[in-house]
Amino acid sequence: MSAEAIRVGMRRPARGLFVHQLRSEQLVFWRSREAAFFIFLFPLLLFVLLSSVYDGKIYGVPAPEALLAGLIGYGCANTAFAGLAIQLVIRRENGILKRLRATPLPPATYIASLLVSTLIVFAMQTVALFLLGRALNGTPFPSDVASLVAAVVIGAAVFAALGTAIASVIRSAEGSSAVVNAILLPMAFLSGSFGSTLHYPAFLRAVGDVLPLKYFIDLVNAVYLHGHGVWTQPQDLAVLAVWGAAGLVFTMFRFRWEPREP
Amino acid sequence: MHAIEVSGLRKAYGNLEAVREVDFAIEEGEVFGLLGPNGAGKTTTVEILEGYRKRDAGEVRVLGHDPARPGPDFRERIGVVLQQSQMWPNLTVRETHAIFAGYYRAPRDVDEVVALVGLRDKANERVKTLSGGQKRRLDLGIALVGDPDLVFLDEPTTGFDPQARRAAWEMIRSLRSLGKTVLLTTHYLDEAEQLSDRVAVMREGRIVRVGTPAELTTTDLQTEIRYRQNGEEVLVRTDEPTRVLAELTSAAVARGEELEGLQVRRPSLEEVYLALTAEEEQG
């Protein structure tokens, strides 16, 4: 307290606020059993389940490895798109975002800490997937760790931009989970999160071909399954950049801090 | 020194003029009540002062800042209780206070604030287990934890049972003794009368009267004198209660009668309020 009091009249260092808010976000996330289960644990359970029923090869590689890459993709969309969107809608409709605007916490610091907190959860999930795969199915660790880290960060950024965009459209906290999952689950199927899409009808594959998750999974496949560097995949990166930019621009025009008027 | 100064304030949403020409000033350390029916422009006015909304016209100073372009210090010095907000359900009362305390340069001690708002026994309970009144006290606690000079309370006791309301009133009175300036919006007249040094009554985007509760009740409506004569209730309204009462009583004494059920009463703030905010007949 007295150390704080001495600092009166000085601006609080921005980094201190960021760390404080990041800790708060982590506390809020892990304290909610629903979030910890559906966002963190659920993709891990899906991986264990799917890798125990698929035999042989997918895309010419052992099934558990292809599923591991696919579930990194699902985990990314689930954490950064679905989880972030649902959290933002609930906070907005509960007045938490509005209330925070009346504190000295700058909006940019708030958003930054929320995004980094989301990235931390997704990164931990990715590490857990590799550990589980190694323990249960003997899948290898990635050979090019730097490229995989880059892919994870890029994916999280793109899906976070789309998550904030969809949060700007959803009107009520009650409906947020339904809307987000109605987008997430078909996207994950069509993009090959849960196995090969080669036997899907052509029109379903055509739909999958425009979705961002397919390109993120392509990117992870290239890095993890084929040992390519992340920068050798310009087409995947370009499509992801377009989706990310679209999400960001939409968010900038439509994002609201305040709940709907009752 | 004024904590808040407002002159010529205007705000419209499309064709709806929510606030038209509002002027008032609040002294430092004063508890100021803003009264009015729903749609009178109270919340719009307060949200302009809090920095949530831009005004269309007028001058506004809050703690020396223009809330539309506040300096970095502005949000350090205000505390806000919104009409509706629900904090994170799975955090404890103490954790929620600690998160907000971390946003301020010189916060108050978290446990002290938790005790001040009467949640000491609930400090380690999760927010979702609190009753409605306790959640409202949590809102007040997180508004006070930054040690603000000015506190905005938007309908702070709506939905409280009478006991919880009394407790909240005690808390708001304690804010005054701490030297805080308080801007209270409410539609409970007893609340405004109990807590406010001065009240302003808003109607259709304008302030129709400002004054202490006593001033409003003495200047606005006539005093009522009631008694029964031959079994019938008689009601006299007058601006000169002393003279009228003297005439009535001396006449009764001269006749050797008793004025049965004699009552002299000033109108309550509620009656003044209802008279001020009554819809005018549309011709």
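The values are calculated or read from the model by the stated rules, or taken from the named source; none is laboratory data. Computed from a predicted structure; not experimentally measured. Positions of Cβ are backbone-derived with ideal geometry, glycine not excepted, and every protein chain shown enters the neighbour counts. All accessible areas refer to the heavy atoms of the entire protein, side chains included, with ligands and DNA or RNA removed. Shrake-Rupley method; radii C 1.70, N 1.55, O 1.52, S 1.80 Å.
Taking segment B:156-185 as the range and being open to solvent by less than 50 Å² (accessible area, probe 1.4 Å) and touching a strand residue (DSSP E or B) at 6+ places or on another chain (Cβ under 6 Å) as the test, the residues that pass are B:PRO156, B:LEU175, B:LYS180, B:THR181, B:VAL182, B:LEU183, B:LEU184, B:THR185.
Each residue in segment B:41-60 was checked for being in contact with a Gly (Cβ under 7 Å, 6 or more places away or on another chain) and surrounded by 18 or more Cβ atoms within 10 Å (Cβ to Cβ), and 2 pass.
Hey, can you tell me all the residues within segment B:44-64 that are more than 13 Å from B:VAL19 (Cα to Cα) and of a type in the set (Ser, Thr, Tyr)? Result: B:TYR52, single match. One residue alone among A:SER196, A:SER191, A:SER177 is under 16 Å from the mean Cα position of the chain (by Cα) and surrounded by fewer than 21 Cβ atoms within 10 Å (Cβ to Cβ), and that residue is A:SER177. Checking the stated criteria, B:LEU63 turns out not to satisfy the condition of being open to solvent by less than 30 Å² (accessible area, probe 1.4 Å) and free of Cβ contacts under 8 Å to residues at least 40 places away in the same chain. Checked against (1) surrounded by fewer than 18 Cβ atoms within 10 Å (Cβ to Cβ); (2) touching a residue at least 12 places away in the same chain (Cβ under 8 Å); (3) polar (S, T, N, Q), B:GLN84 passes all but condition (2). In segment B:143-163, of all residues being part of a loop (DSSP other than H, G, I, E, B) and free of Cβ contacts under 8 Å to residues at least 40 places away in the same chain, the one that is nearest to B:ALA101 (Cα to Cα) corresponds to B:THR157. For segment A:41-49, the condition holds for at least one residue, the condition being that it is under 24 Å from A:ALA165 (Cβ atoms) and either open to solvent by less than 20 Å² (accessible area, probe 1.4 Å) or within 14 Å of chain B (Cβ to nearest Cβ) (or both). Can you say whether B:VAL253 is surrounded by fewer than 16 Cβ atoms within 10 Å (Cβ to Cβ) and hydrophobic (A, V, I, L, M, F, W, C), as far as the supplied structure shows? So B:VAL253 fits the description; yes. The numbered conditions (1) of a type in the set (Gly, Ala, Ser); (2) within 26 Å of the chain's Cα centre (by Cα); (3) closer than 18 Å to A:TYR110 by Cβ; (4) more than 7 Å from every other protein chain (Cβ to nearest Cβ) are all true for B:GLY58 except (3).
Please work out which residue is farthest from the other protein chains (Cβ to nearest Cβ), limiting yourself to segment A:94-106 and to residues that are in contact with a Phe, Trp or Tyr (Cβ under 8 Å, 6 or more places away or on another chain) and in a helix (DSSP H, G or I). Checked segment A:94-106; the qualifying residue farthest from the other protein chains (Cβ to nearest Cβ) is A:LEU97. Residues of segment A:53-65 include at least one that is assigned to a helix (DSSP H, G or I) and either modelled with pLDDT of 95 or more or charged (D, E, K, R) (or both). Counting only helices (runs of 4 or more DSSP H) that sit wholly inside segment B:164-280, those with at least 2 residues that are at pLDDT 85 or above and within 30 Å of B:GLY141 (Cα to Cα) are B:189-195. Reported count of residues in segment B:1-40, each being acidic (Asp, Glu), closer than 15 Å to B:LEU63 by Cβ and open to solvent by 30 Å² or more (accessible area, probe 1.4 Å), is 3. Check A:LEU219 against each of (1) under 18 Å from the mean Cα position of the chain (by Cα); (2) free of Cβ contacts under 8 Å to residues at least 12 places away in the same chain and name the one condition it does not meet. For A:LEU219, the exception is condition (2).
Okay, residues lined up against (1) away from chain B (no Cβ under 14 Å); (2) surrounded by fewer than 21 Cβ atoms within 10 Å (Cβ to Cβ); (3) of a type outside the set (A, V, I, L, M, F, W, C):
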| residue | (1), (2), (3) |
| --- | --- |
| A:PHE81 | yes, no, no |
| A:ARG92 | no, no, yes |
| A:MET124 | yes, yes, no |
| A:ALA146 | yes, yes, no |
| A:LEU162 | yes, no, no |
